[in-house]
1. With unit charges on the beta carbon (Lys/Arg positive, Asp/Glu negative), name the residue among 243, 9, 255 whose Cα is farthest towards the positive pole of the charge dipole of the chain.
2. If you place +1 on the Cβ of every Lys and Arg and -1 on the Cβ of every Asp and Glu, how big does the dipole about the Cα centre of the range 1-154 come out, in debye to the nearest 20?
3. Residue 153 accessible area, nearest 10 Å², 1.4 Å probe?
4. Convert 25 °C to kelvin, take the viscosity as 0.890 mPa s, use the Kirkwood radius over C-alpha pairs of the range 1-112 as Rh, and evaluate the Stokes-Einstein diffusion coefficient in µm²/s, rounded to a whole number.
5. Going from most exposed to least, what order do 303, 5 have by accessible area with a 1.4 Å probe?
6. Filter the trypsin sites (Lys or Arg not before Pro) in the range 217-302 to those in DSSP coil with at most 15 other Cβ atoms within 10 Å of their Cβ, and list the result.
7. Counting only the heavy atoms of the protein chains, how much of residue 24 is accessible to a 1.4 Å probe, in Å² to the nearest 10?
8. Dividing the convex hull volume of the alpha carbon atoms of the range 93-138 by its residue count, what do you get in Å³ per residue?
Amino acid sequence: MELTWYVLLGLFFGTYLVLGGYDYGVGLSLARNGDPGRRRAALNAVGPFFLGNEVWLVAAVGILFGAFPVLEGELLSGFYPAVLGALAGVILVTAGVQLRSRPSHERVRARWDRVVVVGSALAALGWGALLAGLLQGVPRDADGHVVGLTHLVTPFAAAAGLAMVALVAAHGATFLTLRLPTADADQAGRLARRLLPVALAAVGVATVVGLLSERVRATAQQPLAGVLLPALLVTALLVARAALARGRPGVAFTATAVTLALPVALVGAALWPYVLVSTTDPSASLTVADAAASAPTLRLLGWLALPLMPALLGFQLMCWWVFRGRTDGRAPVYW
């Protein structure tokens, strides 16, 4: 039962990073686009999706609170700068997109666009630092509480946060190649092709820093997963670049989506059977079973989630179907 909910937690949060990732990637693209019309077109491309995409974050937080209350408490107390930064970014993006659309002067819209850029960067940095902090372990005392914040101030956390920003930026630019009119999509494709090598370099740096880090090596319970999944991530980035070069944005977007889901899978697989590994006292490490709620609570949550999951999936599929294709009404070449 605990394993099922653990997998669901990873699935929901990974899906949020994939779907919310192109929201934030489009937001980051506004920093490179000085033309107000093109900024508006980019936001219109993502507009029908971004609120629905954030529902996956709400669902993941609901699973965390209900099914893993101990883990929830430790994340909020031991990772609060990263969590608060990420949530502040989510709020800034939502507010910026909503408020810029009100009738106002173009200069005011430009300021809200800058808010969207800052929020997108904060969200990506925060989630990247959170995943890195989990992967490298945390200092826990004998009472089982995370001590201090030094686990977030490390070269690996910084490298992973920047790598997440680079992945999100490339994912968002690739998404625009599917949604913008053909003329604008070509420009987005050129941007994506420039960003993918940057993302590849950032992931490579984060991987090397992680492999050289004593903390990461000591924390990994499944070292093979710690090697194979980063290799898959690099492969997906190479596939995305090759697909864009061949004019197959659908394949490229699928590949960049995989790159944002893999970090969540990496943390879950490398730490198993733990969710928090203590770097100070091995006996204080927290297993999945210890972090989970009681069996009756998990069963009750299962009955509550049973009708909600199909509804969530159905809403997402309907949204994608209704707003499929480019913003000018033309269908892109997916494959």
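1. It is 243, whose Cα lies furthest towards the positive end.
2. Working: 11 positive and 10 negative charges, 213 e Å.
So the magnitude is around 1020 debye.
3. 120
4. On the way: Rh = 15.7 Å.
Answer, rounded: 157 µm²/s.
5. Numbers: 303 190, 5 20 Å².
Output order, biggest surface exposure first: 303, 5.
6. Details: sites: 217, 241, 246, 299; in loops: 246.
Listed in order of number, the matching sites are 246.
7. 10
8. On the way: hull volume 2.2 nm³, N = 46.
Considering the Cα atoms of the range 93-138, their hull volume per residue is 48 Å³.
The values are calculated or read from the model by the stated rules, or taken from the named source; none is laboratory data. Predicted model only: the values in this text are computed from it and were never measured. Glycine also receives a Cβ, built like all others from the backbone with ideal geometry; neighbour counts cover every protein chain displayed. Just so you know, the surface numbers come from the protein's heavy atoms only, side chains and all, with ligands and any DNA or RNA stripped out. Shrake-Rupley method; radii C 1.70, N 1.55, O 1.52, S 1.80 Å.
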